[in-house]
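For reference, the structure is listed below as structure tokens.
Every number in this text was worked out from the coordinates using simple rules, so none of it is lab data. Nothing here was measured: the structure is a model prediction, and the numbers come from that model. Here the Cβ positions follow ideal geometry from the backbone for every residue, glycine too, while neighbour counts run over all protein chains shown.
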Amino acid sequence: MRVKIYKKKRQVKVERTHCRNGHPRNADNAYVDSKGSQDCRECRREADRRYKERKRQTGTS
Ligand SMILES: [Zn+2]
């Protein structure tokens, strides 16, 4: 007989000083998108660059 164990989610306050990609979070680097969620400008810039590079590679040639 199997017993399901439900783990309680611990609420840990993590002070976010860096984004998930390790960029420092500060006033200059903070970005709030149209949905209201905070993002990192550096990450957006990188994502945008990757997107454009991919578009260039797979785009019209
Ligand atoms: Zn970032």
For this session: Working from Cα positions, state the angle (0 to 90°, nearest 10) between the long axis of helix 41-58 and the longest principal axis of the chain.
Result: 60
Problem set entry | Least to most buried among 7, 55 (fewest other Cβ within 10 Å first) | 7, 55
For this session: In debye, nearest 20, what is the charge dipole magnitude of the chain about its Cα centre with +1 on Lys and Arg Cβ and -1 on Asp and Glu Cβ, if you could check?
Result: 600
For this session: Determine, for 6, 51, 31, the number of other Cβ atoms within 10 Å of each Cβ, and report the residues in order from fewest to most.
Result: 6, 51, 31
Exercise. Among 17, 47, 3, whose Cα lies farthest out toward the positive end of the dipole of the chain, if unit charges sit on the beta carbon of Lys, Arg (+1) and Asp, Glu (-1)?
Worked result: 3
Exercise. How long is the gain from residue 16 to residue 44 if the chain were fully straight, where each residue apart is worth 0.36 nm and the alpha carbon distance is subtracted?
Worked result: 8.3 nm
For this session: Report the calculated FRET efficiency for residue 6 and residue 53 (r = Cβ-Cβ distance, R0 = 25 Å), to the nearest 0.05.
Result: 0.05
For this session: Rank these for me by crowding, 46, 53, going from fewest to most other beta carbons within 10 Å.
Result: 53, 46
